[in-house]
Amino acid sequence: MKDEFVMGIDNGGTLTKAAIYDRSGRAIASASKSTKMIMPKALHTERDIDELWAANIEVIKAAIAQSGIDPAQIKGVATTGHGNGLYLVDENGRPVRNGIISTDGRAKEYVEKWQRAPAFVEEILPKTMQSVWAGQPVPLLAWLKDNEPEALERTRYIFMIKDLIRFYLTGEAFLELTDISGTNLINVGSRDFDDTLLAWWGLAELRDKFPPISLSTARCGAITPSVARLTGLVAGTPVSGGGVDISASAIASGIHGLNKLAIITGTWSINEYVTDVPVIDKNLFMTSIYPIDDRWLVTEASPTSASNLEWFINTFMENEREQEGDIYALCNALVSATAPDESQLLFFPFVFGSNSIPDASAGFIGVNSFHKRGHFLRAIYEGVAFSHLYHAERLRTLNPQLSSTIRIAGGVTYSDVWLQIFADVFQATLEIVDVKEHGTLGTAMTAAVMVGWFDDVFAAADRMVGVARTIEPNPANAAVYHDKYRLYKTLLAEMQSPWKYYSQHTTH
């Protein structure tokens with residue numbers, strides 16, 4: 001009997017990926033393609049949906065070609081992608097406007113208005129179990145209603161990004177549960193739309209534009225003949241609901257039980273654990289639904305993670321990127337040449353904003369003539385780690401039973417020096433799983449459950465994920481990072497007023 005495989009497709013903020021996995025979780029092929037972020041105005045982050053779809057076709061074809069397998073051996077396909085944002089199509093499936101990425105900030109005034117309303121905490125939060133922030137579809141739809149009403153009039157379906165790609169693959173429209181449960185659009189307790197909730201947001205008239213809700217591991221259509229011709233996939237191959245990126249990453253981190261802290265480093269600082277008791281707290285980022293019955297994903301997150309390094313490289317090191325080859329190896333070498341106690345330079349990793357620190361913007365504090373490029377890079381590495389710790393402390397306040405060891409994934413895992421900084425900042429053992437692309441593997445596991453390989457995603461994680469290595473903290477650096485982090489938090493508090501003043505008195 002021929003080997004069988006599943007495919008996972010992941011669409012992040014600027015990168016599209018596809019990978020093919022066997023039953024043990026081994027990636028036999030993968031491909032990626034960058035897409036452009038469009039910023040027509042300050043705080044607006046968008047993308048061309050046609051370019052996005054073309055990128056998906058390209059990576060699917062490339063992964064199949066690289067694998068060398070018969071496409072008929074791919075028994076299931078699944079999609080994942082960034083949570084929130086907004087993707088609208090018309091009756092013919094054509095884009096109504098550019099897609100909006102979750103880092104978009106145009107609708108922050110709506111968020112501020114809603115958060116001031118007493119009913120938000122008293123009536124809305126118990127239903128949604130999450131904060132509201134500008135990149136979610138709720139404020140974005142409210143903004144479009146006031147500023148681009150013609151776009152909403154032309155809209156037939158409102159999608160999240162992975163649901164859009166699944167729609168293009170299958171021709172069938174669904175909103176998958178783990179994804180939609182993190183958008184403030186549904187009652188997370190009842191797992192369905194709530195007319196009174198939509199009315200409170202001022203979106204009641206859009207109800208018929210939301211597709212039906214599906215489960216993560218359910219069959220949500222099959223590859224169409226036209227898509228088969230474009231991609232090389234076999235027509236009729238089933239496609240599962242998939243999962244939002246934070247859920248897919250948790251699955252691929254090997255979280256197969258409760259109270260295991262996982263950290264995912266990317267555009268967003270994602271810090272999360274699975275529980276059997278939903279958490280409702282006005283200071284918590286989100287409680288969403290996990291792709292197992294009666295399990296919930298508790299998440300603290302903000303757009304403050306490893307993408308800050310990418311910004312620094314693109315802004316200040318473009319020549320080195322062209323000349324040096326491996327720019328990340330150069331960054332690691334520069335950081336390694338500095339010591340943790342050599343400089344008190346601090347970095348606030350808010351290049352893409354922060355939903356947890358009002359009006360925050362990025363910046364270095366403590367710059368003087370002593371500091372060289374390596375010190376600035378170390379400050380970025382440390383600042384990103386501090387941001388993750390800031391979120392993790394909130395989670396430990398809510399759940400003191402969280403594991404002392406931490407599963408960590410994402411861009412940081414490609415840098416030994418950055419991993420050591422994380423271990424030293426947290427003073428905790430880090431477990432790095434033997435996974436390169438968490439999004440594609442995690443969502444591929446939902447396809448593996450759909451086709452009957454496993455009973456649920458916990459069982460899939462047991463079989464398809466293993467710990468590759470661990471990083472132990474250096475106790476000698478504990479005091480240094482304790483002092484630095486305490487200063488970081490103190491300055492965060494002190495900066496609230498300057499950031500607010502700056503936000504109110506500048507034009508973007």
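Here, region 232-352 yields an orientationally averaged convex hull projection of 12.5 nm² when only Cα atoms define the hull. Taking only protein heavy atoms into account and a 1.4 Å probe, give the accessible area per residue of region 182-251 in Å². So region 182-251 comes to 34 Å² accessible per residue, rounded to a whole number. Net charge in the neighbourhood of residue 433 (other residues with Cβ under 12 Å of its Cβ; Lys, Arg +1, Asp, Glu -1) is +1. Pairs exceeding a 22 Å alpha-carbon distance, out of 41/108; 113/162; 127/282; 33/145; 75/260: 113/162; 33/145; 75/260.
Relative contact order of the chain, please, whole-number percent, based on alpha carbon pairs below 8 angstrom and at least 6 residues apart. Write down the numbers at each step before the final one.
Details: 1098 pairs, mean separation 82.4, N = 508.
16 percent.
Hydrodynamic analysis of region 133-234 uses the Kirkwood radius over alpha carbon pairs. Inserted into Stokes-Einstein at 4 °C and 1.567 mPa s, it gives a translational diffusion coefficient of 88 µm²/s.
Express the Stokes-Einstein translational diffusion coefficient of region 53-208 in µm² s⁻¹, to the nearest whole number, given a Kirkwood radius over alpha-carbon pairs, 25 °C and a viscosity of 0.890 mPa s.
Working: Rh = 16.9 Å.
So the translational diffusion coefficient is about 145 µm²/s.
Determine the distance separating the Cα centre of region 154-174 from the Cα centre of region 195-272; give it in Å without decimals. Using only Cα atoms to place each centre, the spacing works out to 11 Å. Of the beta bridges in the chain, as assigned by DSSP with both residues counted there, near 75 percent are antiparallel.
Once the Cβ-Cβ distance of residue 323 and residue 344 is raised to the sixth power relative to R0 = 35 Å, the FRET efficiency obtained is 0.65. Each principal axis of the Cα cloud of region 88-143 was evaluated for its coordinate range; sorted largest first, these ranges are 41, 21, 15 Å. Taken about its Cα centre, the chain carries a charge dipole of about 200 debye when Lys and Arg each add +1 at the Cβ and Asp and Glu each add -1 at the Cβ. Here, P(r) means the percent of Cα pairs in each 5 Å bin from 0 to the largest distance; for region 365-482 it is 2, 10, 16, 17, 18, 14, 10, 7, 3, 2, 1, 0, 0. Going 7 Å from the Cα of residue 311 along its beta-carbon direction, which residues of region 121-153 have the amide nitrogen within less than 17 Å of the resulting point? Of the residues in region 121-153, 134-135 have backbone N under 17 Å from the label point off residue 311. All Cα-Cα distances of the chain, cut into 20 Å bins from zero to the largest, leave 24, 58, 18, 0 percent in each bin in turn.
Taking 20 Å as the cut-off, the amide N atoms of region 28-70 that come nearer than this to a point 7 Å along the Cα-to-beta-carbon line of residue 147 belong to 37-49. Pair-distance distribution P(r) for region 332-418, from all Cα-Cα distances in 10 Å bins starting at 0: 15, 40, 35, 10, 1 percent. Lys-Lys pairs in region 357-508 that are eight or more residues apart or on separate chains and whose Cα atoms lie under 27 Å of each other come to 4. Could you give the distance between the Cα centres of region 311-336 and region 360-382, to the whole Å? Centre-to-centre distance over Cα atoms comes out at 15 Å. A simple spin-label model places pseudo-atoms 7 Å from Cα toward Cβ; at residue 479 and residue 115 they are separated by 3.8 nm.
Given the alpha-carbon gyration tensor of region 36-88, what are the semi-axes of its equivalent ellipsoid in whole angstrom, ordered largest first, with each equal to the square root of 5 times an eigenvalue? Each step should come with its number before you reach the end.
Numbers: eigenvalues 187, 32, 12 Å².
Semi-axes, largest first: 31, 13, 8 Å.
Three principal axis extents describe the C-alpha atoms of region 152-291; from largest down they are 47, 40, 27 Å. Counted without the sites themselves, the longest stretch of the chain free of GluC sites (Glu not before Pro) in a DSSP loop having at most 15 other beta carbon atoms within 10 Å is 92-341.
Which residues among region 1-31 fall inside the zone where the amide N is under 17 Å from a point 7 Å beyond the Cα of residue 436, along Cα→Cβ? It comes to 6-11, 15-31, nothing else.
For region 125-190, would you read off the P(r) tail past 21 Å as a percentage of all alpha carbon pairs? Percentage above 21 Å: 32.
The values are calculated or read from the model by the stated rules, or taken from the named source; none is laboratory data. Because the structure is a prediction, the values reported are computed rather than measured. Ideal geometry is used to build each Cβ from the backbone, glycine not excepted, and the neighbour counts take in all protein chains shown. Quick note on the areas: whole protein, heavy atoms, side chains included, nothing else; ligands and nucleic acids left out. Shrake-Rupley method; radii C 1.70, N 1.55, O 1.52, S 1.80 Å.
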